[in-house]
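Okay, so here's the structure we're looking at.
Every number in this text was worked out from the coordinates using simple rules, so none of it is lab data. No experiment lies behind these values; they were computed from the predicted model shown. Glycine gets a Cβ as well: all are built from the backbone with ideal geometry, and neighbour counts include every protein chain shown.
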2 protein chains.
Amino acid sequence: MRSPLCDRFGIEYPIFAFTPSEHVAAAVSRAGGLGVLGCVRFNETDELERTLTWLDENTDGKPYGVDIVMPMKIPTEGTSLDLGAMIPEEHKQFVDKTLLALGVPPLPEGEGREGVLGWLHSVARSHLDVALQHRPVLIANALGSPPADVVEKCHEHGIAVAALAGAAKHALSQVANGVDIIVAQGHEAGGHTGEIASMVLTPEVVDAVGPDVPVLGAGGIGSGRQVAASMALGAQGVWTGSIWLGTEEYQNLVSNKGWSTAFTRASSADTVRTRVYTGKPARLLKTRWTQAWAEEGAPEPLPMPLQNLLVAEAHNRINASDNPDVISMPIGQIVGRMNEVRPVADVMADLVSEFEETVARLDKLRA
Amino acid sequence: MRSPLCDRFGIEYPIFAFTPSEHVAAAVSRAGGLGVLGCVRFNETDELERTLTWLDENTDGKPYGVDIVMPMKIPTEGTSLDLGAMIPEEHKQFVDKTLLALGVPPLPEGEGREGVLGWLHSVARSHLDVALQHRPVLIANALGSPPADVVEKCHEHGIAVAALAGAAKHALSQVANGVDIIVAQGHEAGGHTGEIASMVLTPEVVDAVGPDVPVLGAGGIGSGRQVAASMALGAQGVWTGSIWLGTEEYQNLVSNKGWSTAFTRASSADTVRTRVYTGKPARLLKTRWTQAWAEEGAPEPLPMPLQNLLVAEAHNRINASDNPDVISMPIGQIVGRMNEVRPVADVMADLVSEFEETVARLDKLRA
């Protein structure tokens with residue numbers, strides 16, 4: 001499995017793996033793909049600094065990337081305290097009432113009150129500054145094109161910039177802003193995702209941006225057949241996310257003991273695209289928590305970044321409750337095929353070998 | 001482009017084309033695919049009889065199929081008059097009010113009052129009886145497995161039975177009912193469709209039914225790259241629908257002069273999955289008509305077959321109004337790539353040649 005992206009980034013396979021876990025990212029890079037560390041969970045720059053130092057030292061010199069969450073337009077913001085004041089009382093009461101109804105206990109006094117601050121522009125900028133002190137080969141932005149000065153700074157450091165797009169017109173404006181690589185994120189993907197499915201979106205984005213801009217196919221990719229399908233659609237590589245939640249290396253990050261039960265038993269029909277996680281539509285595992293927000297009488301989720309602040313403590317409580325029925329987990333429709341916890345290297349090896357088999361099988365169908 | 005289905009059906013390419021137009025079906029079959037005539041629009045068996053006779057005579061002896069709409073469970077039903085009595089006054093008033101607001105004129109006295117009866121089980125059975133007097137090689141059912149006696153009857157006549165499935169568990173139960181070929185219909189497809197996108201659904205269905213049951217990939221397929229992607233996912237062929245609405249041969253069936261404007265200008269984001277067409281979730285072109293049903297205060301669509309009876313006259317009025325902004329058209333997300341009206345043979349030739357190019361390109365990516 002080769003594409004021009006392999007030479008560009010010095011990787012063996014054009015398999016890009018988004019993950020919040022440095023252990024998964026390092027294992028993917030060591031196995032020949034490109035591990036991309038999601039930074040949004042790092043509230044403290046010191047912690048990100050230590051984590052990237054660890055990555056530098058545990059990737060056998062192989063390349064890696066980082067993923068930040070930065071809107072192009074700089075929003076009004078403040079401390080989480082200022083923002084907290086903007087959250088309506090009705091929403092806070094709904095969250096409290098729902099957690100009570102779902103049997104999610106409170107946290108011990110003094111624990112886990114703070115939310116994820118990575119959704120704030122200023123924090124995302126601090127992530128970038130830390131990353132630039134290390135050796136990522138790629139900065140990906142989950143919210144489309146980053147601001148122009150950020151793109152420029154990355155390019156000065158010789159770092160490629162990737163952005164997620166759910167529609168061809170967004171991809172075109174990202175390229176106009178200097179973005180180097182487009183991640184065409186289909187409807188079936190976990191996390192932030194649009195309405196257009198990969199089968200339609202990928203070739204549309206590929207044709208829109210033209211042959212000089214590499215496109216990574218994202219959404220629904222968990223096997224070598226799906227990698228081959230994405231590359232048949234014109235992608236030069238794939239962007240994967242959900243499948244790495246089902247790896248042994250990810251367990252370092254897992255606090256909820258219900259985690260593996262929740263995803264191994266889920267079918268591909270057990271996800272929902274909803275605004276309850278961040279305020280923008282994102283695909284999550286369908287659980288009693290997401291269902292509560294879909295019931296009649298539930299409030300509309302708040303806009304980003306307020307919604308995440310609203311549910312931050314709830315997420316911490318949910319994670320501590322170890323209940324697979326009440327979980328808050330961004331995951332794609334591929335969850336239906338995630339039926340066991342495996343080492344990263346095994347997942348990678350299967351992706352590559354099934355890709356090769358698939359292409360050989362297709363070759364026999366030619367006239 | 002070859003697959004075992006080519007030998008089974010005596011076709012050159014495993015491209016199955018669902019279409020309500022006998023002209024399109026015949027042209028697809030003559031071009032080496034399998035044209036499948038949708039029967040739901042035929043209220044009179046005489047008309048279907050004449051149409052299938054025409055197909056027999058205009059396919060150069062090439063095979064074709066027919067598509068019926070038959071639920072496995074036989075519903076309570078009656079004449080359209082009996083059923084009409086079950087439609088709430090609120091719904092009738094909403095339709096009248098909406099058509100007025102959208103500027104859709106009434107029909108001339110005595111015209112177009114009757115709805116499409118093909119959604120009724122008894123009418124679907126009459127379609128089957130007519131079809132058995134002709135030479136279809138395939139009977140496809142849009143609503144999953146037909147009743148066991150129907151499957152049996154088809155098999156006695158040497159006719160294969162195909163069924164549309166939007167989830168692996170439905171495919172399994174269809175196979176258990178004797179269905180020979182599964183059409184895995186992804187979320188991005190036009191018409192009745194489920195929540196799981198083709199990228200995830202196709203391999204899931206393929207693996208569920210095993211190697212002895214051929215699967216056709218459906219949803220989002222309008223180019224040779226998409227055919228190759230579907231076959232990479234494990235499909236033995238593809239089931240296409242929307243793209244044939246954009247052909248010269250289809251124009252015989254078009255009464256609304258806004259038709260080509262409506263789909264050539266639409267992007268892949270301009271569809272919506274809604275129950276307003278038949279009562280079951282189906283993907284339609286997003287127009288002022290579908291938007292009216294999504295507005296606050298609009299009634300919930302009725303269950304099948306009542307919803308279609310409710311909107312039947314509205315559809316006739318809409319079709320006669322020639323307004324591309326107010327149209328009722330089942331179509332998939334591939335509509336974004338349907339930018340001109342072309343002959344069927346050109347569409348087929350492009351599907352085949354782009355498939356070959358794609359597989360050749362993939363072959364170069366192998367290790």
Rg and Dmax in Å for segment B:242-337, alpha carbons only: what are they?
13.0, 40
Inter-part gap, Cα centre of segment A:225-263 to Cα centre of segment B:301-323, in whole angstrom, is 44 Å
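Rg(Cα) of segment B:124-171 divided by 2.2 N^0.38 Å?
1.14
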Taking amide H positions as placed 1.01 Å from N in the peptide plane, with prolines and chain starts having none, which residues 5 or more places from residue B:271, or on another chain, fall under 5 Å of its amide H?
B:286
In the protein assembly as shown, taking the dipole from +1 charges on Lys and Arg beta carbons and -1 charges on Asp and Glu beta carbons about the Cα centre, the listed residue (A:19, B:352, A:334) farthest towards the positive end is B:352
Mean residue ellipticity at 222 nm from the helices of chain B, using -39,500 (n - 2.57) per DSSP H segment of n ≥ 4 over the full residue count, to the nearest 500 deg cm²/dmol?
-12000 deg cm²/dmol
Translational diffusion coefficient, Stokes-Einstein: compute it for segment B:105-202 using the Kirkwood radius over C-alpha pairs as Rh, at 37 °C and 0.692 mPa s, and state it as an integer in µm² s⁻¹.
217 µm²/s
Footprinting exposure proxy for B:127, A:23 (fewest neighbouring C-beta atoms within 10 Å first):
A:23, B:127
Inter-centroid distance (Cα atoms) of segment B:37-64 relative to segment B:193-216, Å:
30 Å
Over 13 Å apart: what share of the alpha carbon pairs of segment A:290-367 falls there, rounded to a whole percent?
81 percent
By counting other Cβ atoms within 10 Å of each Cβ, how are B:338, A:199 ranked from fewest to most?
B:338, A:199
If you wrap the protein assembly as shown's Cα atoms in a convex hull and average its projection over all directions, what's the area in nm²?
30.9 nm²
Rounding to the nearest 20 debye, state how big the charge dipole of segment A:251-367 is about its Cα centre with +1 on each Lys and Arg Cβ and -1 on each Asp and Glu Cβ.
180 debye
For chain B, with only Lys/Arg (+1) and Asp/Glu (-1) charged at the beta-carbon, what is the dipole magnitude about the Cα centre, in debye rounded to 20?
820 debye
Once normalised by the length of segment B:221-332, the mean sequence separation of its alpha carbon contacts under 8 Å that are 6 or more apart gives a contact order in percent of 30 percent
How high is the relative contact order of chain A, in percent, with contacts defined as C-alpha pairs under 8 Å that are six or more residues apart?
19 percent
According to the square roots a ≥ b ≥ c of the eigenvalues of the Cα gyration tensor, what is the shape class of segment A:128-275, taking rounded for a/c under 1.5, prolate for a/b larger than b/c otherwise, and oblate for the remainder?
oblate
Picking from A:365, A:308, A:250, whose Cα lies most toward the positive end of the charge dipole for the protein assembly as shown (charges on Cβ: Lys, Arg +1; Asp, Glu -1)?
A:365
Here the alpha-carbon Rg of chain A over 2.2 N^0.38 Å rounds to 0.95
FRET efficiency for residue B:87 and residue A:46, using Cβ-Cβ distance with R0 set to 51 Å, rounded to 0.05:
0.15
So which lysines pass the test for residue B:364, namely a Cα distance under 19 Å, with those fewer than 8 places away in the same chain ruled out?
A:364
What's the exposure ranking of B:289, B:54, A:293, going from fewest to most Cβ atoms within 10 Å?
B:54, A:293, B:289
Relative contact order of segment B:121-174, please, whole-number percent, based on alpha carbon pairs below 8 angstrom and at least 6 residues apart.
36 percent
Show which lysines lie in cross-link reach of residue B:169 when reach means a straight Cα distance below 23 angstrom and same-chain residues fewer than eight apart are skipped.
A:286, B:73, B:280
Suppose every K and R has +1 on its Cβ and every D and E has -1 on its Cβ; what is the size of the dipole of the protein assembly as shown about the Cα centre, in Debye to the nearest 20?
340 debye
Under the classification rounded if a/c is under 1.5, otherwise prolate if a/b is larger than b/c and oblate if not, where does segment B:279-319 fall, given a ≥ b ≥ c as square roots of the Cα gyration tensor eigenvalues?
rounded
So for segment B:195-297, what percent of the C-alpha to C-alpha distances run longer than 19 Å?
57 percent
Name the residue farthest towards the positive end of the dipole of chain A from the options A:323, A:136, A:159, assuming +1 on Cβ of Lys and Arg, -1 on Cβ of Asp and Glu, about the Cα centre.
A:323
Antiparallel bridge percentage (DSSP; both residues within the protein assembly as shown; nearest 5)
20 percent
